[in-house]
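Take a look at the structure set out below.
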2 protein chains.
Amino acid sequence: MPQQDRAYATREAILRAAAREFDLVGYDRTSLTAVLTRAGLTKGAFYFHFASKEAVAGALIEYQHDLWVELRQRWHGRELDPLHTLIGMISESADRMADDVVLRAGVRLIADREVGYPGVPNAHLMWEKMVSAYVAEAGARGHLREGVDPDAVARALSGATLGARLISSATTGCADFPGRVRELLALVLPSVANDAWLSAADDRR
Amino acid sequence: MPQQDRAYATREAILRAAAREFDLVGYDRTSLTAVLTRAGLTKGAFYFHFASKEAVAGALIEYQHDLWVELRQRWHGRELDPLHTLIGMISESADRMADDVVLRAGVRLIADREVGYPGVPNAHLMWEKMVSAYVAEAGARGHLREGVDPDAVARALSGATLGARLISSATTGCADFPGRVRELLALVLPSVANDAWLSAADDRR
């Protein structure tokens, strides 16, 4: 392996080992020693790539941020109606979270920082605003039941997906997260979309 | 104040001060010094009542446990139909959580232990089983839509209330938790209860 490839592989091994620890026990309880043991690396190899545990966490948070941007742009580009776009994005996010421990760790890191302590949870509020905007757009296109409040739907969905992820992680290592998210959408959607949208969606299946 | 009353007041002051710290930053980040400063007490006064930070946390967890038992028994005793009992219990729990920092701390302590790390979240699973049993009982009485799976409803509601509590705590100190829970129930209930139950519930309002 050329030196550059080896350096890349080492960096990836560190990220993956750190992701596994962060995903299991969170940032505070993750020790550098545990990460190095898991990756089979020395402190020297670690510090060649990262200045600190905090720096690895930063790289993982950046990774999840880039993935969401890509996912949002891709679904936006499909030009489906707003509710289908939203359902598609939420379902794909759940599938990826179940499959990708690196993504899961980044999401946990950012959520732990934001929801465990008082303050303004920026990433969370951005997500809530995005959901609300899609639901409002669905309203403008005449797809909603009367009286549906896009902000209320966004609050309910964002809380519900956060809680589902936490429980799914603690009980099944996130394996049942996609199923939990689909159950949730199936329960909430009939109160949000009107009969015309729902029967058109049924026909398309 | 007689000595016994004074001792009782000191114990309460410690519990309340510790509850405020645990509620804000969680168990791991709560320092005994911060609790003592908040309560205006010395280490000596603290150790007269509690052996450790862990012991105070234990007392708070016990407090929330006793409250749930009382609340469940009281709602059970009203002999309402199962869905009304469930909605009443969930709504009252949310109201109490918003009002009572001691309760809130106990709930956070037990949830942090259970959902932040891999393992079997017993308190959570018990709650899920309870919700599932009420929904199944509603099914037996003919109050549900066709095809409703009580376990799926329980999974969705328990995840959703956990997430709503975390977000509400981080953003509003739990003040908007009752509103979030009612929004959630309003979104989920029409997919769970059948039209007969829903219109009877509307009439009763």
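Yes/no matrix, rows are residues, columns are (1) crowded, with 17+ Cβ neighbours inside 10 Å; (2) over 30 Å from A:Glu128 (Cβ atoms):
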site: A:Gly44; (1), (2): no, yes
site: A:Phe50; (1), (2): yes, yes
site: A:Gly58; (1), (2): no, no
site: A:His65; (1), (2): no, no
site: A:Trp68; (1), (2): yes, no
site: A:Arg78; (1), (2): no, no
site: A:Met89; (1), (2): yes, no
site: A:Ala94; (1), (2): yes, no
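Taken as a whole, the condition of being among the small types (Gly, Ala, Ser) and more than 14 Å from every other protein chain (Cβ to nearest Cβ) applies to A:Gly40. The condition of being at pLDDT below 95 and within 8 Å of chain B (Cβ to nearest Cβ) does not hold for A:Val153. Counting only helices (runs of 4 or more DSSP H) wholly contained in segment A:47-145, the ones carrying 3 or more residues that are under 11 Å from the mean Cα position of the chain (by Cα) and within 13 Å of chain B (Cβ to nearest Cβ) occupy A:101-115, A:122-140. Of all residues in segment A:26-37, those satisfying the criterion of being surrounded by 16 or more Cβ atoms within 10 Å (Cβ to Cβ) and part of a helix (DSSP H, G or I) are A:Gly26, A:Tyr27, A:Leu32, A:Ala34, A:Val35, A:Leu36.
A:Ala175 falls short on exactly one of the conditions (1) within 20 Å of the chain's Cα centre (by Cα); (2) in a helix (DSSP H, G or I), and that condition is (2). Does B:Asp112 satisfy being modelled with pLDDT under 95, touching a Phe, Trp or Tyr at 6+ places or on another chain (Cβ under 9 Å) and on the phi < 0 side of the Ramachandran plot? In short, yes. Selection of segment A:163-205 for residues being crowded, with 17+ Cβ neighbours inside 10 Å, within 15 Å of B:Val115 (Cα to Cα) and more than 9 Å from chain B (Cβ to nearest Cβ) yields A:Cys174, A:Phe177. Taking into account only those residues within segment B:1-25 that are away from chain A (no Cβ under 14 Å) and surrounded by 19 or more Cβ atoms within 10 Å (Cβ to Cβ), which is nearest to B:Met97 (Cα to Cα)? Result: B:Ala19.
Whether any residue in segment B:102-115 is more than 21 Å from B:Ala175 (Cβ to Cβ), surrounded by 20 or more Cβ atoms within 10 Å (Cβ to Cβ) and either free of Cβ contacts under 8 Å to residues at least 40 places away in the same chain or touching a helix residue (DSSP H, G or I) at 6+ places or on another chain (Cβ under 8 Å) (or both) is what I want to check. Yes, segment B:102-115 has at least one match. Out of B:His143, B:His124, one residue alone is buried (at least 22 other Cβ atoms within 10 Å of the Cβ) and either touching a Leu at 6+ places or on another chain (Cβ under 9 Å) or β-branched (Val, Ile, Thr) (or both). It is B:His143. For segment B:188-205, the set of residues classified as assigned to a helix (DSSP H, G or I) and either charged (D, E, K, R) or farther than 14 Å from A:Pro190 by Cα (or both) consists of B:Asp195, B:Ala196, B:Trp197, B:Leu198, B:Ser199, B:Ala200, B:Ala201, B:Asp202, B:Asp203, B:Arg204, listed by residue number.
The values are calculated or read from the model by the stated rules, or taken from the named source; none is laboratory data. Worth saying up front: this structure is predicted, and the values here are computed from it rather than measured. With ideal geometry, Cβ positions are generated from the backbone for all residues, glycine too; neighbour counts draw on all protein chains shown.
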